[in-house]
Amino acid sequence: MLFFFTDLLVLGCINAIMVVGLNLHYGYAGLLNFAFYMYVAIGAYIAAVTTMGSPTFPGVTYIFGWTLPWWVGLILGGLVAAAVSVVIFAFTVRRLRSDYLAIVTVSAAFIMLNVVNSFTPLFDGGTGLFNVPPITGNLSISSEGYSLVMLAVTAVILALFVWVSQRIFRSPFGRLLRGIREDEAVTTAFGHASWRPQLWIFVIGSFMAGIAGGLFVLYISAWNPGAFLPIESFFLLSSLIIGGSGNYWGAMLGAFVVIEGLAELSRYSPTFGNPADAGAIRAIVIGVALILVLRYRPEGLIPERWLRWYRVGAGNVVRRFPALRRNVP
Amino acid sequence: MARLIEAVGFGLVTASILALAAVAVSLQVSVTNFINFAYGDFLTFGAYIAWTTAQHGVNIFLAVLLGGVATGLLGIAANVFIFRPFMRRRVRTVTLLIAGVGLSFIVQNGITLIWSTEPVRFNVTLGNSFNIGPLVFTPGDLLMIGAAVGLLALLHVMLSYTRFGKSLRATSNNIDLAQACGIDSDRVITITWFLAGLLTAVAGVGLVLQEGTLDPTTGFVELFIIFGAVILGGIGKPYGAMLGALVVGVLTEVSGMYVNSAYKTSIAFAVVIILLLFRPQGLFAGSSKTS
Amino acid sequence: MTSEEPIVDIRDLAFHYGGVWAVNGASFTIDRGAVTGLIGPNGAGKSTLIELLSGTLTPHRGSILYQGVDTAGFGPPRVAQMGIARTFQTARVLPRLPVIENVMVAAGNQVGESPLKAIFWRSSWRKQEAALREEATELLDWLGLRDHLLAPAGTLSGGQRRLMEIARALMAHPKLLLLDEPTAGVFPETSRLIATRVREIAKQGVGILLIAHNMGFLSTVADDVVVMAEGRVLTRGPLEVVRTHQEVIAAYLGASNARPELGEQVGSA
């Protein structure tokens, strides 16, 4: 029973890291990316092939195989994902309107899927990678124990990334991103070129995605193209929008409830005989919830909370202008 | 050389299928100004309806027609319950895009629930392949091309000579102006959704006949190739979409000859990306719907 | 009027929109510490001129000598960093952000805008941030918006938005301020407040170029006016003088959207 909960929490944390990263792209900066999961996949693959040894199983082929320590592989995964995102940013983000950007990013995701599937020397094609070494190395440990270890690791990393998000949000950098998001003409007119802050946030968000991917693969010790179908990006985006884009609480809510909660619920619920059906019902629920949220509560379940921060931070303002007190929400 | 011409022949078949779907998308985009991400799943839906009715012994042509009508109704429902309320509130394009994604979840997984993920086949054999000069066709291929040409010709007649066609062109040009002239743009939009659904379903059946099997994801994967054809021809320009489909269809088949066919999809997507990056207004110059 | 060098010297500036010349050989100077009105019938090229000065458009001919440097072709960020700020013809706000954020975003040289410093080195920008918040608050208070500091800018009325735009522009510590119809569609009291404030800003040494159509407002705020028509400068001088100028009257009455009350005022001695 404990395993069920820790498993849930680990996967929830990993998904939360992804959505927190996506929140940086879409919530903070308003950059739409329908292929965010690509960065997760890259992070996973790189972490896997740098921590595994050379291929030993007959018929299995992949690059690298460097047997690096798990945390090095993890960080490498994040860095490579970030590097790829720079390339994509350079080609697309500043040049395309939202619907074209959507098409281009999904097309890129399909290409990645196709290439990885077909070009087996890269990541062993459709069969994928197995036996990725656990972070506990040679220690013999039970699945429950490993879950707990991974839970600790992922929770710490999630907390770190949430802290980074908060710092960004409360800083002039965050304010500038919000300004660009709301009306770029205004921020440009006051001396701020848009591309640099956008590129930075893009890189940071993609790095987080790569780390999430690495953690994922270190946890389940296998990875293949079936794990990063383009639809996954849509699920991430949906959970961010439903949870509340523009803030990390909403992101985490979306991740835990929409992605994890619904998935686990349908997986363990005995009512559904056919497992594929459970997945389908979950997707339908997400689709309906998404449309309802967009229609009736577009800011999401937990809206952007700048007001609260300003109330706290504007203490001295209230002191100076006592008349303000009645207007502070 | 003979192989090349053969590939062109296959390309024509692919192009016919694409043309129907691409024209459908272009029509809908031209009057509503956003791209519906659930279109691929409309394709799948139409194919499944046709398949189910054919399974019950209905004549294949009637089955396709029923599939078309059902998809048309689906399109109308999507408009009435989802897209029109959003458009009335003048939301951002992004919102409509994401709503389309939500709709795609619903349709694709609704299909999965009803029909399961098992791939199915149409039990139709339409004769063996034969040669017309250097080209190789099956009767089914010719039928597909014929159907495409026929339907598009009908569409052309409708657009150019009927009152509805004129209303549609006016609405796509400038919706406010059209409304000011007394055109009921809501009705135009509703009928356009129906027509688009109809065409899409026929394309869906054609796709299944070409690919061989049908499963809930069939249409979604095809969606971006369809977008490629639409963009090539100029978004919102149905006639351009026909030409775009021709180019994409032939190119895909021909390139499959020179490059390992496993990468055929990647090439198609790469073409889409390059188009959008460097020539989003399409290959054919002139005024475009894009802003 | 000051005797220093003008803050900007516009020479033979020209710009066309696809073959139609919006500005065609405009030349004039703007002095520091003075409020220069810019008037003219619709289509005279006034707003285009502001776009050229703010760097949004690149002229097809001519030069803009701002403090001796030709800024023609510099983009808006660079021009803004050099000390030119503007308001927009239709007030542009960042709707979902609080008013105070709207204003603070305009300040230049914010240390905290560098991502790494923002995340890892808060002490480097914390003081500046507090100072900026104080300054923004004072500016907004000065412009009568102190009750709306934390309101989303989208909830402001038209007049309030225009006041906010002025506060925002001032946050950038400009040496040249371009105001595009700052009182269009605004209540008379707000208009008076804006006029008072504009004069006070000029007194600090800021050069101001101000497009307006309301002659009453202009007479209280402008030191002199430049009259444009068909992309060129017709004449320049104090408002009372310019109003009776033959060519100016002809330009206004001859323009397709002649404004009767204007014609009346322009024609009277």
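A convex hull fitted to the Cα coordinates of segment C:27-126 yields 162 cubic angstrom per residue. Could you state the number of Å between the C-alpha centres of segment A:200-257 and segment C:189-214? So the separation of the two Cα centres works out to 51 Å.
As a footprinting exposure proxy, order C:ARG61, C:ARG96 by other Cβ within 10 Å, with the fewest listed first.
Details: C:ARG61 15, C:ARG96 18.
In increasing order of surrounding Cβ atoms, one gets C:ARG61, C:ARG96.
Extension gain for the segment B:ALA153 to B:ALA262, taken as residue separation times 0.36 nm less the Cα-Cα distance, is 35.8 nm to one decimal. For the protein assembly as shown, the orientation-averaged shadow of the C-alpha convex hull comes to 43.5 nm² (one quarter of the hull surface).
Add -39500 (n - 2.57) for each DSSP H run of 4 or more in chain C, then divide by its residues: what number comes out at 222 nm, to the nearest 500 deg cm²/dmol?
Numbers: 11 runs with 102 residues, N = 269.
Value at 222 nm, helices only: -11000 deg cm²/dmol.
By the Kirkwood approach, averaging reciprocal distances over each pair of separate Cα atoms, chain C gets a hydrodynamic radius of 19.4 Å. Partner shielding of A:28-41 amounts to 1, given as the average count of beta-carbon atoms from other chains within 10 Å of each residue beta-carbon. Per-residue Cβ neighbour counts within 10 Å put A:TYR100, B:TYR161 in the sequence B:TYR161, A:TYR100, beginning with the fewest.
List, in the order given, every pair from B:LYS237/C:LYS46; C:LYS127/C:LYS175; B:LYS166/B:LYS264 whose Cα-Cα distance in the structure shown is over 32 Å. The pairs that break the limit, which is 32 Å between Cα atoms, are B:LYS237/C:LYS46; B:LYS166/B:LYS264. Residue ranges C:113-121, A:239-247 sort as A:239-247, C:113-121 when ordered by packing (mean number of other C-beta atoms within 10 Å per residue, highest first). The alpha carbon radius of gyration of segment C:163-220, expressed as a multiple of 2.2 N^0.38 Å, is 1.04.
Averaged over B:269-280, how many beta carbons belonging to a partner chain fall within 10 Å of each residue's beta carbon? If you can, show how the numbers build up before the last one.
Details: counts 11, 5, 1, 8, 10, 2, 4, 10, 6, 1, 0, 5.
Taking the mean over all residues of the peptide, I get 5.
Per-residue ellipticity at 222 nm from helix content only, as computed over chain A with -39500 (n - 2.57) for each DSSP H run of at least four residues, stands at -21000 deg cm²/dmol.
Counts of other chain beta carbons within 10 angstrom of each beta carbon in peptide A:52-62 average 0.
If Rh is defined by the Kirkwood formula over all Cα pairs and Rg also comes from Cα, what ratio Rg/Rh do you get for segment C:102-157?
Values: Rg = 13.1 Å, Rh = 12.5 Å.
Using Cα coordinates only, the ratio equals 1.05.
Working ranking of peptides A:285-298, B:213-226 by packing, defined as the average number of other Cβ atoms within 10 Å per residue, highest first, is B:213-226, A:285-298. The base-10 log of I(q)/I(0) for chain A, evaluated at q = 0.07, 0.12 Å⁻¹, reads -0.30, -0.86 [Debye formula, identical scatterers on Cα atoms, solvent excluded]. Mean projected area of the Cα convex hull of segment A:85-205, taken over all directions, amounts to 10.9 nm². By its C-alpha gyration tensor, with a ≥ b ≥ c as the square roots of the eigenvalues, how is segment A:16-99 shaped: rounded for a/c under 1.5, else prolate for a/b larger than b/c, else oblate? Here segment A:16-99 falls in the prolate category.
Expressed as an acute angle from 0 to 90° and rounded to the nearest 10, what is the orientation of the C-alpha long axis of helix B:185-211 relative to the principal long axis of chain B? In chain B, helix B:185-211 runs at an angle near 10 degrees to the longest axis. I need the helices of chain A that pass two filters: whole DSSP H segments spanning 24 Å or more by Cα along the axis, and mean Kyte-Doolittle score no lower than 0.5. Length and hydropathy pass: A:2-22, A:70-88, A:98-118, A:143-169, A:195-220, A:275-296.
Between C:VAL241 and B:ARG92, the modelled labels are 5.1 nm apart [label points 7 Å from Cα along Cα→Cβ]. Between A:ARG94 and A:ALA222, what's the calculated FRET efficiency when r is the beta-carbon distance and R0 is 30 Å? Round to 0.05. Working from the Cβ atoms, E equals 0.20.
Its DSSP H runs of at least 4 residues, each contributing -39,500 (n - 2.57), put the calculated 222 nm mean residue ellipticity of chain B at -25000 deg cm²/dmol, to the nearest 500. Taking 7 Å steps out from each Cα toward its Cβ at A:THR67 and C:SER124 produces label points 4.1 nm apart.
To check you understand DSSP bridge types, tell me what percent of the beta bridges within the protein assembly as shown (both residues inside) are antiparallel, rounded to 5.
Working: 27 of 43 bridges.
Around 65 percent antiparallel, to the nearest 5.
Considering segment A:1-153, its Cα convex hull presents a mean projected area of 10.4 nm². Here the label points at A:GLU184 and B:LEU113, each 7 Å from Cα along the C-beta direction, are separated by 4.0 nm in the simple model. By the count of other C-beta atoms within 10 Å, a proxy for reagent exposure, C:ASP180, B:ASP184, C:ASP224 are ordered fewest to most as B:ASP184, C:ASP224, C:ASP180. Length available on full extension from A:SER140 to A:THR127: 0.36 nm per residue minus the Cα-Cα distance, which gives 2.0 nm.
Which order do peptides B:273-280, A:81-88, C:83-90 fall in by mean Cβ count within 10 Å, highest first? It would help to have the intermediate numbers written out before the result.
Details: B:273-280: 16.6, A:81-88: 19.0, C:83-90: 21.9.
Those peptides, ordered most packed to least, come out C:83-90, A:81-88, B:273-280.
So what's the Cα pair-distance distribution over chain B, bin width 10 Å, in %? Calculated over all Cα pairs of chain B, the distribution is 7, 29, 36, 22, 6, 1 percent.
Relative to the dominant Cα principal axis of chain B, helix B:218-233 is inclined by about 70°.
No value in this document is a laboratory result; all are computed from the given coordinates. These numbers come from a predicted model, not from an experiment. Positions of Cβ are backbone-derived with ideal geometry, glycine not excepted, and every protein chain shown enters the neighbour counts.
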